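Reading through the structure tokens given below for one structure.
Any read-out appearing in this document is the output of simple, stated calculations on the displayed coordinates, not a laboratory observation. Note that this is a predicted model, so its numbers are computed, not measured. Using ideal geometry, Cβ is built from the backbone for each residue, glycine included, and neighbour counts are taken over all protein chains shown.
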Amino acid sequence: MKYLPLILSLLFPFAAQAEEAPTLSVKRMTLETATKIAQGAIAACRKEGVQVGVTVLNRDGHEQVVMRDVLAPDVTLLISRNKAYTALAFITETSKLSDRAKSPLAYVDGLAFFAGGLPIRAGGQLVGGVGVSGAPSGKTDEKCAAAGVKAVQDELDLAD
């Protein structure tokens, strides 16, 4: 009889799932963390001699921080938002999605399949996305976005 629970769990594996909690705990970035990401991205691009727009989205795809450096064109805000949203939606760097620009997805409003957007993770869990626009190349945009995330990555990974 002492093996009965083991035998039952092998015979009825879904019964154990019924005991799981009915809700999930979700990590979220603080405003201060999102601001540090945006400021870090702008600082990195300034070192490259470029003025950019940066958008940091929360895990639900809503703007948490939007910044535009003094001389960055207004359009950088729309493009940075689309890059952040695309990175968040596909949970990958937008530079890895360039092949999708030739698919029907290219016609979906709000998606941007070129470099400059990154997902943001805390301890492996998705917490948001960041997009940068305004550099002469998407590679530079992505480098700046990565610098922004790197500025807080240790804090995110160590968060409860």
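Below are the figures for this structure:
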item: Calculated FRET value between L71 and A159, using beta carbons and R₀ = 41 Å, to 0.05; result: 0.75
item: Residue-by-residue Karplus 3J(HN,Hα) for the stretch 139-149, coefficients 6.51, -1.76, 1.60, Hz, glycine and proline x; result: 4, 5, 4, 5, 4, 5, 4, 5, 5, x, 5
item: Packing-based exposure ordering (other Cβ within 10 Å, fewest first) of D109, D141, D69, D99; result: D109, D99, D69, D141
item: Listed values (1) 74, 37, 21; (2) 73, 40, 35; (3) 46, 35, 28, entry calculated as Cα extents along the principal axes in Å; result: (1)
item: Computed over the stretch 30-158: relative contact order in percent, which uses C-alpha pairs under 8 Å that are six or more apart; result: 31 percent
item: Linear extension gain, A21 paired with R100, 0.36 nm per residue minus alpha-carbon span; result: 24.7 nm
item: Shape call, the stretch 75-124: gyration tensor on alpha carbons, a/c limit 1.5; result: oblate
item: Added length on full extension, which subtracts the Cα-Cα distance from 0.36 nm per residue, R28 to L126; result: 34.4 nm
item: Straight-distance crosslink candidates among lysines, where the alpha carbon sits under 17 Å from K47 and sequence neighbours closer than 8 are dropped; result: K36, K139, K143, K150
item: Point-to-point label distance, S137-T92, nm (Cα→Cβ direction, 7 Å offset); result: 2.2 nm
item: Alpha carbon centroid spacing (whole Å) that separates the stretch 101-160 from the stretch 32-61; result: 10 Å
item: Residues whose placed amide H lies under 5 Å from that of V65, excluding near-sequence neighbours; result: V56
